[in-house]
Amino acid sequence: MAFDLLFRDVRVVDGSGNEPYMADVAVQGERIVAIGEMGEETAQRVIAGQGRCLMPGFIDVHTHDDTAAIHHPEMLAKISQGVTTVIVGNCGISASPVRLTGTPPDPLNLLGSQETFIYPTFQHYVEAVECAQPSVNVAALIGHTALRANVMAEFDRPATDSEVAQMCAELAGALQSGAIGLSSGLAYTNAKQAPPAELQPLVDLVGAYGALYTTHMRNEHDGLLDSLQESFSTARKAGADLVISHLKCAGAGNWGRAPQALSALEKAASQQSCNCDCYPYACSSTTLDAWRVDGKMEIFITWSEPHPEMAKKTLKEIAAAWGVDQWQATERLRPAGAIYAMMNEEDVRQILAHPLSMIGSDGLPSDPNPHPRLWSTFPRVLAHYCRDLKLFSLPEAVRKMTGMSAKRFRLQDRGEVRIGAFADLVLVDMARIKDVATYDDPCRQAPGIDLVVVNGQVSYEAGKVLGRSGKLLKRGE
């Protein structure tokens, strides 16, 4: 028979963590239909391996691509680094279900202005993604802060029982429409007043639906271990799968605590389903908040609504120019975005290397001066940490970006190169791949990602998006 695509003599890194092997891989329609020695078999297109690796398409488990997938459906920042599926709605921030009557509250403003939020139900969001047909697959979480914004005028208090009931009703509707779970961002100003008792009924729903709970924990600084325990407890009581978002030891006073945090995660994982995600950088990126400013750490301003001219400067430089301290400068600049040099490289490496950690970029596509992780997270894992530093083997690096992620997020028939799986594939030249995006020049495509297939269609090749065949992936499908 003639296949649609036939990869000849590729080194298959299949996403399971098993050792790579040489094979031919055939695609028909949306699926992988044959792996092995193909002999005289033909195809509409034959692609020679030429020493390159064929891997499952990477799954970016932590993104804020909710609206980017609709407004910029080519998704160049993601598909150019081999990503074929994005998980949106993280950190309590989701584009739906949202009904705003004014300016988006922090951190919903990371997704855009009020005009961006036009999806009052999750079904509206589903239809918008399907209409846009992005180049990558999209699976969506529902944000706790987004739910709060629908039922609360002010966020400086716990939700009432009636407000929690309204949030639960909205979450149930979204889960019925295919959302994959709930996310929280308890460290942020507009969610930190939510006690565990506010979250528990929502996470209970997640457990009842067989869905997932991800959390940007209440405190990644000195309260790291207590916040981990709160997260474990909430998910365990609900019987829900748990992902700790971008696990880190934030702030110099917290450096060196990765072994303690990972030990706590291991202990919890022996009793319940839990993982963490992380990104391969020692700097974070989010909104500018006074409580994050310590007067010592370098903080790079990426945008400011009242003072856009201060973008691409450090907070220290801005404060000096204005003749004020850094906290006063922060209040003048807000709402604003920033990159924080808040982590220790050794902690980052230990978390990256841990068997329970998955890879997520946490990139901010709406940021005019984004963190380089938006464009280079996955090449950096492969090139810098795997190939150059040998922090982990190639099969383990790929498992963290594919098979483990698909299993935890229950993405059916994704994340592996095997017969019957969807043909989400990336052809990688491990000799050439490099993370070239930098803090000064963050929007750069990585060399070495030669070809990307999404649902059986060649969607990216030679640096260009060739087609858009992504889907909205619904829970249970």
Please go through the range 235-264 and give me each residue that is open to solvent by 10 Å² or more (accessible area, probe 1.4 Å), within 22 Å of residue 88 (Cα to Cα) and either hydroxyl-bearing (Ser, Thr, Tyr) or not assigned by the TED database to the domain that holds residue 89 (or both), ordered by number. none
With the requirement that a residue be farther than 19 Å from residue 250 by Cβ, aliphatic (A, V, I, L, M) and either open to solvent by 10 Å² or more (accessible area, probe 1.4 Å) or not assigned by the TED database to the domain that holds residue 187 (or both), what does the range 265-308 give you? 269
Sort out which residues of the range 352-380 are among the hydrophobic types (A, V, I, L, M, F, W, C) and in contact with a Lys or Arg (Cβ under 7 Å, 6 or more places away or on another chain), and write them in order of number. 358, 359, 375
From (1) open to solvent by 50 Å² or more (accessible area, probe 1.4 Å); (2) within 22 Å of residue 356 (Cα to Cα), pick out the condition that doesn't hold for residue 397. (1)
Yes or no: the range 181-188 includes at least one residue that is more than 21 Å from residue 239 (Cβ to Cβ), outside any loop (DSSP other than H, G, I, E, B) and modelled with pLDDT of 95 or more. yes
In the set 246, 216, the lone residue that is at pLDDT 95 or above, touching a strand residue (DSSP E or B) at 6+ places or on another chain (Cβ under 7 Å) and at positive phi is 246
The range 136-183, residues that are charged (D, E, K, R) and touching a helix residue (DSSP H, G or I) at 6+ places or on another chain (Cβ under 8 Å): 148, 163, 170
Condition test on residue 345, is it at pLDDT 95 or above, farther than 30 Å from residue 390 by Cα and open to solvent by 50 Å² or more (accessible area, probe 1.4 Å)? no
Just checking, does the range 361-381 include any residue being assigned to a helix (DSSP H, G or I), among the β-branched types (Val, Ile, Thr) and crowded, with 24+ Cβ neighbours inside 10 Å? yes
Among 140, 187, the single one that is touching a residue at least 40 places away in the same chain (Cβ under 8 Å), aliphatic (A, V, I, L, M) and open to solvent by less than 30 Å² (accessible area, probe 1.4 Å) is 140
Please indicate, with yes or no, whether at least one residue in the range 462-475 is buried (at least 20 other Cβ atoms within 10 Å of the Cβ) and either polar (S, T, N, Q) or in the same structural domain as residue 402 (by the TED database) (or both). yes
Checking 317, 346 in turn, the sole residue that is out of contact with any Phe, Trp or Tyr (no Cβ under 9 Å at 6 or more places or on another chain) and either assigned by the TED database to the domain that holds residue 110 or assigned to a helix (DSSP H, G or I) (or both) turns out to be 317
Check whether at least one residue in the range 155-178 is in contact (Cβ under 8 Å) with a residue 40 or more places away in the chain and in contact with a His (Cβ under 9 Å, 6 or more places away or on another chain), and report yes or no. no
Tell me yes or no: at least one residue of the range 159-170 is crowded, with 19+ Cβ neighbours inside 10 Å and over 22 Å from residue 211 (Cα atoms). yes
Does any residue of the range 32-49 turn out to be within 26 Å of the chain's Cα centre (by Cα) and not assigned by the TED database to the domain that holds residue 377? yes
Select the strands (runs of 3 or more DSSP E) contained entirely in the range 1-115, then report the ones holding at least 3 residues which are open to solvent by 60 Å² or more (accessible area, probe 1.4 Å), under 23 Å from residue 427 (Cβ atoms) and not aliphatic (A, V, I, L, M). 42-48
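The values are calculated or read from the model by the stated rules, or taken from the named source; none is laboratory data. Here the structure is a predicted model, which means the values were calculated and not measured. Quick reminder, even Gly has a Cβ in these numbers, built from the backbone with ideal geometry, and neighbours come from all protein chains shown. These accessible areas exclude ligands, DNA and RNA; they are computed on the full protein's heavy atoms, side chains included. Shrake-Rupley method; radii C 1.70, N 1.55, O 1.52, S 1.80 Å.
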